[in-house]
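Comments concern the structure below.
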Amino acid sequence: MEFTVGQIAQLVQGTVAGDASAIIRSAAKIEEGTPGCISFLSNLKYEPFLYTTGSTAVLVDESFEPKKQVETTLIYVKNAYTAFTLLLEEYQKATRQARRGIEQPCHIGQTSSIGEDAYRGAFSYIGEYCTLGNRVKIYPNTYIGNNVQIGNDTVIHPGVRIYDNTIIGNHCTIFANSVIGSDGFGFAPQADGTYRAIPQLGNVVIEDHVSIGSNTTIDCATMGSTVIRSGVKIDNLVQIAHNVEIGKNTVIAAQTGISGSTKIGEQCVIAGQVGISGHISLANHTKVGAQSGVGKSIKKEGLSLSGSPAYDLSAHLRAQVHVKKLPELEKRIQNLENERIRSDKNTHQL
Amino acid sequence: MEFTVGQIAQLVQGTVAGDASAIIRSAAKIEEGTPGCISFLSNLKYEPFLYTTGSTAVLVDESFEPKKQVETTLIYVKNAYTAFTLLLEEYQKATRQARRGIEQPCHIGQTSSIGEDAYRGAFSYIGEYCTLGNRVKIYPNTYIGNNVQIGNDTVIHPGVRIYDNTIIGNHCTIFANSVIGSDGFGFAPQADGTYRAIPQLGNVVIEDHVSIGSNTTIDCATMGSTVIRSGVKIDNLVQIAHNVEIGKNTVIAAQTGISGSTKIGEQCVIAGQVGISGHISLANHTKVGAQSGVGKSIKKEGLSLSGSPAYDLSAHLRAQVHVKKLPELEKRIQNLENERIRSDKNTHQL
Amino acid sequence: MEFTVGQIAQLVQGTVAGDASAIIRSAAKIEEGTPGCISFLSNLKYEPFLYTTGSTAVLVDESFEPKKQVETTLIYVKNAYTAFTLLLEEYQKATRQARRGIEQPCHIGQTSSIGEDAYRGAFSYIGEYCTLGNRVKIYPNTYIGNNVQIGNDTVIHPGVRIYDNTIIGNHCTIFANSVIGSDGFGFAPQADGTYRAIPQLGNVVIEDHVSIGSNTTIDCATMGSTVIRSGVKIDNLVQIAHNVEIGKNTVIAAQTGISGSTKIGEQCVIAGQVGISGHISLANHTKVGAQSGVGKSIKKEGLSLSGSPAYDLSAHLRAQVHVKKLPELEKRIQNLENERIRSDKNTHQL
């Protein structure tokens, strides 16, 4: 798709300084731009690139004043970053073909219903007693069990598996090959050393505006529900165990695992490869650093944790510095001990 | 589904104290119960909830004597926890619709066979020379390669991929999107810096009563077999490399990885996010704490390990406490050193 | 399949000492061989097994001279390990049935094309504007979006999901259920505490001879490309975030995660369960030990790192030894302090 600089300026309510008829075909970072690209400048750390960029046009803040001659065309807007994001969103809407209709063969149970303007891809499977909303997109090769509810405008990407009784809200996105609602990992040890599966009768409830990455797993509750509250964003390869509850607008990065029955507060930020024990709770606004292991409940809001076991971030970083110095520390102790022995000897000699 | 309290009492061989005609529709924890639910009381720590629960009925041990007035109906049984589990199992059997028969379109090679009362879901694929047992369930969108054997009563959930020559026993469950038998990660470095794939000709053998979670990967052996012994329970997102052997009734939690050719003993318990090096062995009854890294063989049975590198759990916990105190320790050394300098000065002044 | 020892000797240009008519059906390690197997002896550490092996024939180096009587038939070759690998490759070619042709039902967009001698399995899905090369194999139950390019001789295993605009080279293998090109994890925080998805408009570019394991995820770039250079080998359950670049011939073991915009050099070796922060770079020939966390750029080539945070391997190992000794170190400080107090008392008493 092609746009002129003028058309783009109109869309973002900007003012053009330069060639309004130049053609834009793609977007790029200011330091990587080539002719036909549009970029933006917001953080002035990147200003030097403005004078060397290959991009045809650059969005800049109204308040921006160039310090040197600029070759590229500028579009002055209220907020360059916001305008650029808006452009990308419009571009994405236009390029991601609006999938609609039904591709055959696909399977839907006779007792299930789906709303208007929906998409069902080839080889997708929807069981019985399901209710799917308007504009829902069910990509090819997906599986949806029985008695599943999915709200309006939710997109289920290829290879996603949704088990029986799952409830998913509006405007959610679940990326490829994630599994929602398979059995929680619960086994009762028997006298003969074997384990017996504890029936997992609960479900998963996902509220509105939730995003779930690829190859992530969210187990159903043993009883009751595993709950992902509104606005939660979950990355790839994350494990959410049975009966976990994730609070509103919490963000969880890739390869993190949360054990059974743990409750994560609202607006938390959990970095990648974190492990969180079962049956604990994290207060709202908790931040957990990458690869940390959280073994105890955090009751105070807004703490930043790090390490395994995790504790207060700044204390952790201080201690880590000392771990590196341990060989030196021991040497110093050794010196003191030697000193003492010498001094003792001296004393004895007195 | 609905049952009366009386029907339930009959099933669990219990005695009703209260309204035997009350209707039960669901199960819940005693602290979360609502009208229509049945709960249980086993650990007396939860006894206070008995007097406030919203559940319509509660299973209690024969020996139990309430300390206050109880509003809810009680069912006295030999063992409340066991009776409750039995109820859940019966409920699960009744609600998880017994899938049977063949949904079209699905694919099965002409040289493959499948037993009685089996289920093959839509868009499932079974290659050539496969032998599948009675009551096997092959869910929609699964792939089974060539020359695969699957025993009786085994359930293959949606999106599972089973490579050629895999052997799976009876009463196994493999949850959604797990991959069994893809190539081990073996590459021979070449003189020019490239790597050449080492052919992976072995297979995976899974014995009886094994449970494998979602999005887990078990690689085939380079030669011979990767072996998962009877009764093993594996959680989600676990990695089992080529030629690994997991002993009977061992339990492995989510996101753990076991490197090539390692042998894990029987009745081990491996927590989540653990890494275990290749070509080592762990004795029977070894316990490994979450996020540990095990780099050496463990020859003594029954040890509890923790840390990365992992060592004896109690020593690890002691050391971790000290890591937090490191800044303080260094201060103390500093004090001693200052002391020495002062004392040296004094000596010199004498 | 069966071969005589003589046929095998001919294939590997070797000389038989023993029964050239003996039948070989399989391959095994020398210590695990049974009649009908062929093994090899290269590392002389394994020589004792030569005199006890059950294998029917063993490949040995031309220069090898047995120290005892050998029961098994020997095949003398230039390099026993290389000859054995060649045999395995031939065996693999012969046993992995060359899949070809089209299994119905499968889906391909009218605007897409696929080369000669290709395979498209049942329930595979190929969108619009795709170009697939010769001898490409698209296994059952795979999904390929729109505008995807795949080179010659590349194999896409069952359940792989390839998003729009992905470019894959020649001779690549992507194992089951991996996801290539789903959205990078980028969200802009809003004033009301919610997050807004940042459009992910880039793609993934995979060069030639790349191998990607099972259940691995590689996200598309926000803008531009996430790039996997020629010869890279990636294991199972690995996470590669948006805009990452992996240099030529780098090897990445299972469950490792690499955060957004990080650049890994050529010929690096990253062990399992490693975490690498975003927006950093690792020099060529860097080695990173298992479970390490790399938080800073590594500019010097050829370093070996370990630990979390990772630093020079030998320093890390030294420090780890000291962590275990921490309780003892504190005791020694305590002793020194007590000593001082006593000594102070003495001084005061003087």
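The values are calculated or read from the model by the stated rules, or taken from the named source; none is laboratory data. Just so it is clear, the structure is predicted and the values come from calculations on it, not from any experiment. Cβ: placed from backbone, ideal geometry, glycine included. Neighbour counts: every protein chain shown. Surface accessibility is based on the protein's heavy atoms, side chains included, excluding ligands, DNA and RNA. Shrake-Rupley method; radii C 1.70, N 1.55, O 1.52, S 1.80 Å.
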Can you compute 3J(HN,Hα) from phi for each residue in the stretch C:273-278, using the Karplus curve 6.51 cos²θ - 1.76 cosθ + 1.60 with θ = phi - 60°, rounded to whole Hz and x for Gly and Pro? 6, 7, x, 10, 5, x
Which aspartates and glutamates have a Cα less than 15 Å from the Cα of A:Lys137, not counting those fewer than 8 places away in the same chain? A:Glu103, A:Glu116, A:Asp117, A:Asp153
Rounded to the nearest 500, the 222 nm mean residue ellipticity computed for chain C from DSSP H runs (n ≥ 4, each -39500 (n - 2.57)) alone is -5500 deg cm²/dmol
Where the only charges are on Cβ atoms (+1 Lys, Arg; -1 Asp, Glu), what is the dipole of chain B about its Cα centre, to the nearest 20 debye? 940
Mind checking A:314-324 for the average number of partner chain beta-carbons within 10 Å of each residue's beta-carbon? 5
Normalised by the residues of chain A, what does the relative contact order come to in percent, with Cα pairs under 8 Å and at least six apart? 6
With +1 on the Cβ of every Lys and Arg and -1 on the Cβ of every Asp and Glu, and nothing else charged, how large is the dipole of the protein assembly as shown about its Cα centre, in debye rounded to the nearest 20? 2580
To one decimal in nm, how far is B:Ala17 from the same spot in the other copies, if labels go 7 Å from Cα toward Cβ? Please give the shortest first. 8.6, 8.6
At a probe radius of 1.4 Å, what is the per-residue accessible area of B:Lys93, in Å² to the nearest 10? 150
Between the label point of C:Leu317 and that of the same position in each other copy, find the distances and list them shortest first in nm, with every label point placed 7 Å from Cα along the Cα-to-C-beta direction. 3.0, 3.0
For the stretch A:23-32, just list the computed ³J(HN,Hα) in residue order, Karplus coefficients 6.51, -1.76 and 1.60, θ = phi - 60°, integers in Hz, with x standing in for Gly and Pro. 9, 10, 10, 7, 10, 8, 5, 4, 7, 10
The farthest towards the positive end of the charge dipole of chain C, of the residues C:Val12, C:Ala310, C:Pro199, given +1 on Cβ of Lys and Arg and -1 on Cβ of Asp and Glu, is C:Ala310
At the level of C-alpha centres, the distance separating the stretch C:258-291 and the stretch C:127-160, in angstrom, is 29
Note: B:123-131 gets an average of partner chain Cβ contacts (10 Å, Cβ to Cβ) equal to 4
Among the listed pairs B:Lys233/B:Lys299; A:Lys296/C:Lys296; A:Lys287/C:Lys331; B:Lys263/C:Lys299; B:Lys331/C:Lys287, give every one whose C-alpha distance is greater than 31 Å. A:Lys287/C:Lys331; B:Lys263/C:Lys299; B:Lys331/C:Lys287
Simple spin-label estimate for B:Thr194/C:Arg318, 7 Å along Cα→Cβ, in nm, reads 4.1
Total charge dipole magnitude, the stretch C:160-305, about the Cα centre, Cβ charges on Lys, Arg, Asp, Glu only, Debye to nearest 20: 400
Amide H partners (placed H, <5 Å) of B:Leu282, local residues excluded: B:Lys263, B:Ile264, B:Gly265, B:Ile298
A student applying the Cα gyration tensor rule (rounded when a/c is under 1.5; otherwise prolate if a/b is larger than b/c, oblate if not) would label the protein assembly as shown rounded
Using the Cα centre of the protein assembly as shown as origin and beta-carbon charges of +1 (Lys, Arg) and -1 (Asp, Glu), tell me which of B:Thr34, C:Pro66, C:Thr217 is placed farthest towards the positive end of the dipole. C:Pro66
Net charge near C:Ser113 (other residues with Cβ under 15 Å of its Cβ; Lys, Arg +1; Asp, Glu -1) is -1
Select from the stretch C:99-131 those GluC sites (Glu not before Pro) which occupy a DSSP coil region and have at most 12 other Cβ atoms within 10 Å, ordered by residue number. C:Glu116
Of the DSSP beta bridges with both residues in the stretch A:3-98, give the percent that are antiparallel, rounding to the nearest 5. 30
Shielding by other protein chains, A:194-207, mean Cβ within 10 Å: 4
Along the positive direction of the dipole of the protein assembly as shown (beta-carbon charges: Lys, Arg +1; Asp, Glu -1; about the Cα centre), which of A:Tyr163, A:Val274, C:Thr173 reaches farthest? A:Val274
If Lys and Arg each add +1 and Asp and Glu each add -1, what is the summed charge of the other residues whose beta carbon sits under 12 Å from the beta carbon of A:Ala310? +2
Where a ≥ b ≥ c are root eigenvalues of the Cα gyration tensor, a/c under 1.5 meaning rounded, otherwise prolate if a/b exceeds b/c and oblate otherwise, chain B counts as oblate
Which order do the peptides A:226-232, A:60-66, B:82-88 take when ranked by the mean count of other beta-carbon atoms within 10 Å per residue, highest first? A:226-232, B:82-88, A:60-66
The protein assembly as shown: antiparallel bridges as % of DSSP beta bridges, rounded to 5, reads 15
What order do you get for C:34-46, A:327-339 when each peptide is scored by the mean count of other beta carbon atoms within 10 Å, highest first? C:34-46, A:327-339
Hull shadow area, averaged, the stretch A:3-98 [alpha-carbon convex hull, nm²]: 5.6
Amide H contacts of B:Ser225 (H built 1.01 Å from N, under 5 Å, at least 5 apart or other chain): B:Asn203
Along Cα-to-Cβ, 7 Å out, sits the label point; list in nm, shortest first, how far the one on C:Gly6 is from those in the other copies. 8.6, 8.6
Net charge contributed by nearby residues that have their C-beta within less than 14 Å of C:Gly213 (K/R +1, D/E -1): -1
I need the phi-derived Karplus couplings for the stretch A:191-201: 6.51 cos²θ - 1.76 cosθ + 1.60, θ = phi - 60°, integer Hz, Gly and Pro marked x. 4, 8, x, 7, 10, 10, 4, 7, x, 10, 9
Centroid-to-centroid separation of the stretch C:10-32 and the stretch A:219-246 [C-alpha atoms, Å]: 55
Please list, or write none, the lysines whose alpha carbon is within less than 22 Å of the alpha carbon of A:Lys68, excluding same-chain residues fewer than 8 places away. A:Lys29, A:Lys45, A:Lys78
Please say if the stretch B:160-305 is rounded, prolate or oblate, where rounded means a/c under 1.5 for a ≥ b ≥ c the square roots of the C-alpha gyration tensor eigenvalues, and otherwise the choice is prolate for a/b larger than b/c and oblate otherwise? oblate
Once amide H atoms are placed 1.01 Å from N in the peptide plane, what residues at a sequence separation of 5 or more from C:Ser308, or on another chain, have their amide H within under 5 Å of its amide H? C:Gly293
For chain C, what proportion of DSSP beta bridges, expressed in % and rounded to the nearest 5, is antiparallel? 15
